[in-house]
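Here's the structure we're looking at; comments come further down.
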Amino acid sequence: MLRQCFRIAGPLVLASVLATLGSISASSQSGADPSTATHKFSGGERACKDGFRQAGNECRPIETPANAYVTGTTYGKGWACRHGYRESAESCIAITVPDNAYLTGSSYGDGWKCGRGYEKALLRCVSVVVPEHGFLSDASRGRAWECNRGYRPEGASCVAIRIPANGYLADTRYGKGWTCDRGYREAGDACLKMVLPDNAHLSSNGTGWQCARGFARSGETCSAIQLPLNAFVDDGGNSWDCAPPFRRSSGSCVPR
C-alpha cells in the first residue's frame with residue numbers, strides 16, 4: 001500500500017516523507033527527551049525548555065526551592081526568589097518587614113523601607129519627630145523633615161533666620177538664608193550700602209558696579225578711556241579697538 005502511494009504521489013512527496021522519518025530517527029537517538037526540548041532551526045541544534053538545563057544529551061529539570069521561580073536564563077542558578085523573599089543558603093526565606101514599613105522589591109539592602117512619617121532605627125520604623133516650624137519631607141536620605149520658610153535647621157530644631165537691615169530671605173537652603181538688597185553688599189551679618197565711584201553704575205545683578213561707557217575701571221575708580229588715533233570705544237563700552245584697516249599694537253593703531 002505504501003509503495004502504491006509513493007508511485008502515485010511522485011518523487012517529491014517520497015523525498016519529504018523520507019526526510020521526516022530521518023528527523024524522527026535522529027531525535028530518538030540523540031538522548032534528549034522531545035517533551036522537554038525544542039528545536040532551534042539553526043544548524044539543527046536542540047535547546048531545553050524553560051525549567052530545564054542541558055546535562056550532556058539530556059534536559060534535566062532545574063531544582064527550585066520553595067517560594068522561588070524559574071528565571072529562564074542559561075546562566076546562574078536558573079531561579080530567583082519571589083517578591084517578599086530573599087535567597088539564603090540555597091533557600092528562599094521571607095523578608096521580615098517591621099510595622100509601618102513596606103517591601104521595596106530590591107535585592108539589595110534590607111528589602112524594606114519605612115513609610116512616610118517614619119524613619120529607620122535598627123530593625124524598626126519609629127515616628128519622625130517634627131520640630132516646631134517644620135514639616136515632613138519626602139527626602140530619601142538625611143533628615144525626614146525640613147524647616148518652614150524663614151527658619152533654618154539647628155540641631156533638632158527650626159530657628160528663625162535673622163535678616164539684617166536692607167536684606168531679604170533667600171530662596172535657598174544653603175548659606176545664611178538671606179541676601180542683601182540691590183545696591184548693598186554683605187559684610188559679616190550686615191548689609192552695607194555700596195559706594196559707587198564717579199561715572200559708574202550698579203551691575204545688572206545689583207551686587208557690584210561697572211564703569212559707564214567710555215570709562216575703564218582702575219582700582220576703585222573709573223577713568224576716561226584715552227583713544228589713540230584711528231580707534232573707537234568697543235561694544236563692551238569699557239575698552240577700545242582699532243578701525244579697519246588698522247590693528248592694535250602697544251596702545252596705538254598701526255596699519256596692517
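The values are calculated or read from the model by the stated rules, or taken from the named source; none is laboratory data. Only a predicted model underlies this, so the values are computations on that prediction, with no experimental measurement involved. Every residue, glycine as well, gets a Cβ built from its backbone with ideal geometry; the counts of neighbours run over all protein chains shown.
General remarks:
- The range 135-152, subset modelled with pLDDT of 90 or more and touching a Pro at 6+ places or on another chain (Cβ under 8 Å), residue surrounded by the most Cβ atoms within 10 Å (Cβ to Cβ): CYS147
- Residue match in the range 80-91 (condition: under 23 Å from CYS48 (Cα atoms), in a strand (DSSP E or B) and free of Cβ contacts under 8 Å to residues at least 24 places away in the same chain): yes
- The condition of being free of Cβ contacts under 8 Å to residues at least 24 places away in the same chain and farther than 30 Å from ASN166 by Cα holds for only one of PHE215, PHE246, that being PHE246.
- ASP99 being more than 19 Å from GLY177 (Cα to Cα) and over 29 Å from the mean Cα position of the chain (by Cα): yes
- Going through (1) at pLDDT below 95; (2) over 21 Å from GLY206 (Cβ atoms); (3) not acidic (Asp, Glu) one by one, VAL130 falls short only on (1).
- Taking the range 48-79 as the range and being part of a strand (DSSP E or B) and either surrounded by 11 or more Cβ atoms within 10 Å (Cβ to Cβ) or touching a Ser or Thr at 6+ places or on another chain (Cβ under 7 Å) (or both) as the test, the residues that pass are CYS48, PHE52, ARG53, GLN54, GLU58, CYS59, ARG60, PRO61, ALA68, TYR69, VAL70, TRP79.
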